[in-house]
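Colleague: What follows is a structure written as structure tokens; I'll ask about it next.
The values are calculated or read from the model by the stated rules, or taken from the named source; none is laboratory data. Everything numeric here is computed off the predicted structure, so don't read it as measured data. Cβ atoms come from the backbone with ideal geometry, glycine included; neighbour counts cover every protein chain shown. Side chains included, ligands, DNA and RNA excluded: accessible areas come from the protein's heavy atoms. Shrake-Rupley method; radii C 1.70, N 1.55, O 1.52, S 1.80 Å.
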Amino acid sequence: MNSLNQDGLPELESLRLLLKIPMEDDIDQVIAFFDRNKDFLKSTSPTPAIDFNTRSYWESTLSDNRIGFRGGRSVKLFIFYKTKQGLAIIGEVNFSQIFRGVFLACKLGYKIDREYQGKGLMKEALQRSIQFCFEELKLHRIEANYMPNNDRSAGILHSLGFTIEGKAKNYLKINGKWEDHILTSLCNDLV
Ligand SMILES: CC(C)(COP(=O)(O)OP(=O)(O)OC[C@H]1O[C@@H](n2cnc3c(N)ncnc32)[C@H](O)[C@@H]1OP(=O)(O)O)[C@@H](O)C(=O)NCCC(=O)NCCS
């Protein structure tokens with residue numbers, strides 16, 4: 001399966017979705033996604049940067065994401081939903097802090113538009129992107145962590161085969177407060 005475009009950047013296709021790093025033309029859609037989901041995402045997200053909803057912030061962030069992929073440090077993709085009118089941005093999957101050597105591991109984060117929750121779309125996005133990380137990037141371990149009250153996040157990780165490894169106190173600063181997290185991982189036995 002060819003998962004890279006002519007610029008050497010990932011474009012991962014599944015039945016209903018395309019996962020890729022947005023280009024200049026997509027930035028208005030990126031900003032609109034975060035704007036309409038501001039309240040929904042607040043309780044599970046770090047406090048955003050002050051200029052988070054500006055084009056200049058996203059020009060620089062998306063450029064960093066392209067550099068990060070080429071440098072082997074991250075795979076940060078937006079989820080584009082195939083509609084009759086074209087591609088609509090409905091979420092994000094981020095594989096960050098990729099370490100190679102004897103670790104071959106990374107951290108996973110994800111979010112979907114409130115309107116598109118519960119339709120199996122995030123599961124589809126994660127299945128495709130995990131396949132890319134395991135089969136093409138040859139990673140061995142993906143770590144994903146969630147707050148104990150985040151039942152949806154627990155459910156999707158469980159349904160993808162992630163197993164619980166423990167609980168970390170005050171693990172991440174979410175919405176301005178240090179929050180405990182359940183630690184999980186999925187391993188690739190073929191590497
Ligand atoms: C977490 C989130 C991505 C889940 O998205 P979603 O649209 O519900 O995911 P899907 O529809 O693809 O569901 C996938 C699986 O989760 C399970 N699931 C969904 N809601 C659940 C719930 N409330 N409790 C338990 N399992 C649940 C489904 O049963 C499904 O598994 P299955 O196919 O084996 O039946 C979404 O709620 C979200 O973006 N939340 C805000 C951001 C966030 O919390 N990110 C994660 C931070 S750790």
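Residues checked against (1) near the ligand (Cβ under 9 Å from one of its atoms); (2) modelled with pLDDT of 95 or more; (3) not basic (Lys, Arg):
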| residue | (1), (2), (3) |
| --- | --- |
| Leu137 | no, yes, yes |
| His140 | no, yes, yes |
| Asp151 | yes, yes, yes |
| Thr163 | no, yes, yes |
| Gly166 | no, yes, yes |
| Val191 | no, no, yes |
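Colleague: Let me ask another. Tell me whether region 136-148 contains one or more residues that are open to solvent by 30 Å² or more (accessible area, probe 1.4 Å), of a type outside the set (Asp, Glu) and either closer than 19 Å to Leu19 by Cβ or in contact with a helix residue (DSSP H, G or I) (Cβ under 7 Å, 6 or more places away or on another chain) (or both).
Modeller: Yes: one or more hits.
Colleague: Which members of region 149-162 meet the condition of being more than 16 Å from Gly118 (Cβ to Cβ) and either in contact with a strand residue (DSSP E or B) (Cβ under 9 Å, 6 or more places away or on another chain) or crowded, with 17+ Cβ neighbours inside 10 Å (or both)? Outline the logic, then answer.
Modeller: In the first step, residues of region 149-162 are kept if they are more than 16 Å from Gly118 (Cβ to Cβ); the result is 149, 161-162.
Correct list: Gly161, Phe162.
Colleague: Any idea which of (1) touching a strand residue (DSSP E or B) at 6+ places or on another chain (Cβ under 7 Å); (2) loosely packed, with under 15 Cβ neighbours inside 10 Å; (3) among the hydrophobic types (A, V, I, L, M, F, W, C) is the one Ala32 doesn't satisfy?
Modeller: So Ala32 meets the others, but not (1).
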